[in-house]
Amino acid sequence: MSALFITFEGIEGAGKTTLARWLSERLRQEGIPSWLTYEPWEPRLREVLLEQGDLQREEELLLFLADRAIHTRHIRHALAEGKTVVCDRYADSTLVYQGYARGLDIEWVRQLNHFATGGLQPIRTYLLDLPVEIGLQRQRERNRIGAEVIAFHERVREGFLTEAGREPQRYLVLDATQPLEELQRALWEDVRWLLGHSHPPQAAI
Ligand code: TYD
């Protein structure tokens with residue numbers, strides 16, 4: 001059985017954090033070693049990214065990438081130790097938020113992501129998709145980025161759906177308006193399938 005690298009993506013209020021936590025607990029119950037993590041990851045970079053209100057998009061991009069480069073090193077270690085890594089947001093968030101939504105060149109952001117991660121990609125990305133209005137209603141506006149306008153979040157949603165269409169073998173799109181138990185059932189069915197099959201060693205990419 002190989003250690004998996006799994007990510008959760010979606011707009012704010014989609015339920016990524018809830019499902020990632022649930023999956024990590026479920027893996028623990030099954031006796032499967034795992035590491036539950038999230039981005040932005042490094043505490044000081046996270047604080048700058050989420051609390052500082054006046055970052056330009058280029059500045060934001062570079063800080064997210066710096067954070068990812070550090071984080072990816074730890075993800076690789078965890079995978080090498082045989083831990084399944086469950087990550088709440090990863091490179092696709094940068095592609096979609098800084099590229100699709102904030103307007104930086106998408107192919108260039110893709111290349112920079114590759115540079116920051118050394119090419120480490122999740123074996124599976126769960127995209128929790130739901131209408132922006134529902135996501136924003138669920139979400140209290142906790143920080144600067146979370147408080148951005150509906151049009152911005154529409155671009156984020158569309159960006160994720162476009163990427164999911166581009167890489168259907170990696171992405172699994174889940175309808176996040178479903179009851180939580182349904183989402184958990186679909187998620188676990190897929191993870192169980194992944195655990196039962198061998199995969200290319202992600203960390204060696
Ligand atoms: P967080 O408080 O973790 O919110 P959420 O529960 O929605 O994930 O904040 C993460 C915010 O940072 C979110 O608005 C998305 C944004 N973000 C980017 O813009 N680019 C990135 O590369 C990442 C990882 C996050």
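The values are calculated or read from the model by the stated rules, or taken from the named source; none is laboratory data. These figures come from a predicted structure and were not determined experimentally. With ideal geometry, Cβ positions are generated from the backbone for all residues, glycine too; neighbour counts draw on all protein chains shown. Note: areas computed on protein heavy atoms with side chains; ligands, DNA, RNA excluded. Shrake-Rupley method; radii C 1.70, N 1.55, O 1.52, S 1.80 Å.
List of remarks:
- Looking only at segment 143-164, residues that are modelled with pLDDT under 95 and open to solvent by less than 30 Å² (accessible area, probe 1.4 Å) come to 4 in all.
- Subset of segment 100-111 [of a type outside the set (D, E, K, R) and open to solvent by 40 Å² or more (accessible area, probe 1.4 Å)]: Tyr100, Gly103, Ile106, Trp108, Gln111
- Residues in segment 128-142 include at least one that is in contact with a strand residue (DSSP E or B) (Cβ under 7 Å, 6 or more places away or on another chain) and either under 30 Å from Glu81 (Cβ atoms) or modelled with pLDDT under 90 (or both).
- Restricting segment 31-53 to residues that are of a type in the set (S, T, N, Q) and closer than 23 Å to Val85 by Cα, the residue that is farthest from the chain's Cα centre (by Cα) is Ser34.
- Residue in segment 100-110 that is nearest to the ligand (Cβ to nearest atom), counting only those that are of a type in the set (D, E, K, R) and in a loop (DSSP other than H, G, I, E, B): Arg102
- Options Arg44, Arg76, Arg57; residue that is of a type in the set (Lys, Arg) and free of Cβ contacts under 8 Å to residues at least 12 places away in the same chain: Arg44
- Qualifying residue in segment 183-196 (condition: surrounded by fewer than 15 Cβ atoms within 10 Å (Cβ to Cβ) and modelled with pLDDT under 95): yes
- Residue check for Tyr126: within 14 Å of the ligand (Cβ to nearest atom) and outside any helix (DSSP H, G or I): yes
- Apart from one condition, Thr117 fits all of (1) open to solvent by 20 Å² or more (accessible area, probe 1.4 Å); (2) among the polar types (S, T, N, Q); (3) within 27 Å of Leu187 (Cβ to Cβ); the exception is (1).
- Conditions (1) within 10 Å of the ligand (Cβ to nearest atom); (2) farther than 23 Å from Trp188 by Cβ; number of the one not met by Arg76: (1)
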